[in-house]
Amino acid sequence: MNRRKKHIPGGVNSPVRAFGSVGGTPCFFTKGEGAYVWDADGKKYIDYVGSWGPLILGHAHPKVIDAVIDTAKNGMSFGAPTEAEVTIADVLCEMLPSLEQVRLVSSGTEATMSAIRLARGFTGRDKLIKFEGCYHGHADSLLVKAGSGLLTFGNPSSAGVPAAVAADTIVLPYNDVAALEALFAEQGSEIAAIIVEPIAGNMNMVQPSAQFVAAMRNLTTQHGAVLIYDDEVMTGFRVGLQCTQGLHGITPDLTCLGKVVGGGMPLAAFGGRADIMGYLAPLGPVYQAGTLSGNPVAVAAGLATLAEIRQDGFFAKLSAQTAKLVAGLNELGKDHGLCAQSVGGMFGVYFAEVVPTSFADVMASDRTRFNAFFHAMLDQGVYLAPSAFEAGFVSAAHSDADIDATLAAAKIALSRC
């Protein structure tokens, strides 16, 4: 305990890992294989975090590991173009029709901050709309009523962000069509972009209404603003082959991608309409760069993962397995104030009477009971996200036996909290 905190602030390199919300000592993992992880004491867990989403195939998938090893043998990084970068760009644009051009980066924060800069450069406007509880990385202008770790610590903003930087970020309630329409009626000519988690995953899982989705697309089109689908955060290639935009039947102007795209390695991307992407340097005036962008080892992991999820029936099976878990949790939770929902391989668990549809609903859930449930599940070898504000993930490696074992653990856990 003391050693990890001596040279690392809080003993962790990302805040939600600290167990600050749920209490207790964070797990230190030494191994992952398939649907399982092992901690430093050798205890085995069924894992529903999956490195926060990217491990859709499970831990240490043989084809991904082989791709990484084979590529690393030829060099870890060049800071120069490689053929694999072109290949993965081709694959991404083929999978998502909204992508006419794409640029690779190394993290989700890079993808979102770059997409926003691009939208502002393209429109010549400054104002950005985001929604309560949605997290889009830790760039200064986005840490306003954000989700993920900021909710975990009960702090919807961040120190160190100048008021002037955040002044052009307008925060609206998620799923509130009336508020969105009113803002565009008043300031539509000043708005550069909307950025949205098309299925929120950082205030736990919250789905948008059809009316909300349509309003975002219609209003941005009408007023010349850019609609940015931040599929990077958790839904990118997690809920279907065309991400959330395929489920919604919506064509965003820009899309941010990550998580599954890197297969567990640091890789993300943003892309969209060619006329907007043409504003990027070296073609246009909007600067964006990164020495490790398109890192060959990360690209290899991504290509191997994307090849697997494109197999016939992959998402049908993944969705069915996740739905099986959620159905079991809902049945067990009837008398315990617990409910759950899922889309694709993503799910949410809430101590609430009904599934939340907004930030306010999530904040009204019983987080004290979630914390007790989390620890009871952990004791029985089931690893859930250590926060009531995070979604969960099922991988292709989760078997029927894993789902049954998880539900058996949940039955015991609910009797204790």
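Report the accessible area of Tyr279, computed with a 1.4 Å probe over the heavy atoms of all protein chains in place, in Å² rounded to the nearest 10.
80 Å²
Per residue of the chain, what 222 nm ellipticity follows from adding -39500 (n - 2.57) for every DSSP H run with n ≥ 4, rounded to the nearest 500?
Values: 15 runs with 158 residues, N = 417.
Value at 222 nm, helices only: -11500 deg cm²/dmol.
Filter the trypsin sites (Lys or Arg not before Pro) in region 46-111 down to the DSSP loop ones having no more than 13 other Cβ atoms within 10 Å, then list what survives.
When the trypsin sites (Lys or Arg not before Pro) of region 46-111 are filtered for loop state and at most 13 Cβ neighbours within 10 Å, Lys73 remain.
Accessible area per residue for the chain in Å², computed with a 1.4 Å probe and the full protein assembly in place, what is it?
Result: 41 Å² of accessible area for each residue.
Please build a GNM for the chain, connecting alpha carbons under 10 Å apart, and tell me which residue among Met277, Met205, Met95 fluctuates the most.
It is Met95.
A 26 angstrom limit on the alpha carbon distance is what I want to check against. Which of Lys259/Lys411; Lys5/Lys31; Lys73/Lys317 exceed it?
Result: Lys259/Lys411; Lys73/Lys317 exceed 26 Å.
Using Cα centres only, tell me the gap between region 272-336 and region 222-270 in whole Å.
7 Å
Roughly what % antiparallel, to the nearest 5, for the DSSP beta bridges in region 180-339?
40 percent
What Kirkwood Rh does region 233-296 have if only Cα atoms enter the pairwise 1/r average? Answer in Å.
This gives a value of 13.2 Å.
Read phi for every residue in region 264-274 and hand back ³J(HN,Hα) as whole Hz from Karplus 6.51 cos²θ - 1.76 cosθ + 1.60, θ = phi - 60°, with x for Gly and Pro.
x, 9, x, 7, 8, 7, 9, x, x, 4, 5
Just how much of Lys259 is accessible, in Å², when a 1.4 Å probe is used and the result is rounded to the nearest 10?
Approximately 50 Å² of Lys259 is accessible to the 1.4 Å probe.
Could the peptides 55-61, 6-12 be put in order, highest first, of the mean number of other beta-carbon atoms found within 10 Å of their residues?
55-61, 6-12
Which value, in Å² rounded to 10, gives the accessible area of Asp126 with a 1.4 Å probe and all protein chains present?
90 Å²
Can you send over the carbon and sulfur percentage of the accessible area for the chain, probe radius 1.4 Å, protein chains only?
In the chain, the share of accessible area belonging to carbon and sulfur is 53 percent.
When ranked by the protection proxy of mean other Cβ atoms within 10 Å per residue, highest first, what sequence do the peptides 86-92, 223-229 form?
Order by mean packing, descending: 223-229, 86-92.
Out of the DSSP beta bridges found with both residues in the chain, what percent are antiparallel (nearest 5)?
Numbers: 26 of 43 bridges.
Rounded to the nearest five, the antiparallel share is 60 percent.
The values are calculated or read from the model by the stated rules, or taken from the named source; none is laboratory data. The structure presented is a predicted model; accordingly, all values stated were derived computationally and were not measured. Note that we place each Cβ from the backbone using ideal geometry, even for glycine, and neighbour counts take in every protein chain shown. Heads up: the accessible areas ignore ligands, DNA and RNA and are worked out on the full protein's heavy atoms, side chains in. Shrake-Rupley method; radii C 1.70, N 1.55, O 1.52, S 1.80 Å.
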